Amino acid sequence: MNFTVGDSAEIKKTIEQADIDAFAEVTGDHNPVHVDEEFAKTTRFGRRIAHGMLTASLISSVLANKLPGEGSVYLNQTLQFVAPVFPGDEITARVTVKEIREDKPILKLETICMNQRDEIVIRGEATVLAADKRR
């Protein structure tokens with residue numbers, strides 16, 4: 001395990017309405033604020049928004065593919081949904097190493113998602129078991 005406090009990794013993805021619709025189908029969450037434009041116009045957001053967990057799932061992609069990477073396992077995740085994500089928003093999901101346990105390959109990570117205006121839309125903290133590369 002070769003991690004250092006401050007190490008970080010990120011991915012970017014534009015959230016499309018098709019992603020939101022697919023997420024609704026997979027999860028069964030058909031809240032009209034996500035899938036019904038006419039209903040969404042009557043809400044405080046004025047239009048459809050992405051599911052919070054769709055956006056948060058981008059954090060999982062960073063963990064699995066970049067830091068700590070392949071074979072890592074989620075142990076815990078906190079999330080604060082700070083601002084809405086709209087179809088067409090480009091989201092950057094970033095994880096940063098905050099703490100490393102000395103006795104086990106367990107990392108505490110700051111997790112954030114930001115939109116294209118660098119506004120934080122989700123913030124939280126994850127605890128992850130890094131894969132033991134010795135097989």
Query - Relative contact order (%) - criterion: Cα under 8 Å, at least six apart; region: the stretch 1-111 - result: 38
Requested in this report: Determine the calculated [θ] at 222 nm for the chain from helices alone, applying -39500 (n - 2.57) to every DSSP H run no shorter than 4 residues and normalising by the residue count; nearest 500 deg cm²/dmol.
Outcome: -7000 deg cm²/dmol
Query raised in the report: Which ³J(HN,Hα) values in Hz, rounded to whole numbers, follow from the phi angles of the stretch 71-83 under the Karplus curve 6.51 cos²θ - 1.76 cosθ + 1.60, where θ = phi - 60° and Gly and Pro get x?
Result: x, 5, 10, 5, 10, 6, 8, 9, 9, 10, 8, 8, 8
Query raised in the report: How compact and how long is the chain, expressed as Rg and Dmax of its alpha-carbon atoms in Å?
Result: 16.3, 55
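We did not get these values from a lab; they are worked out from the coordinates using the rules stated. Predicted, not measured: the structure shown is a model, and the values here were computed from it.
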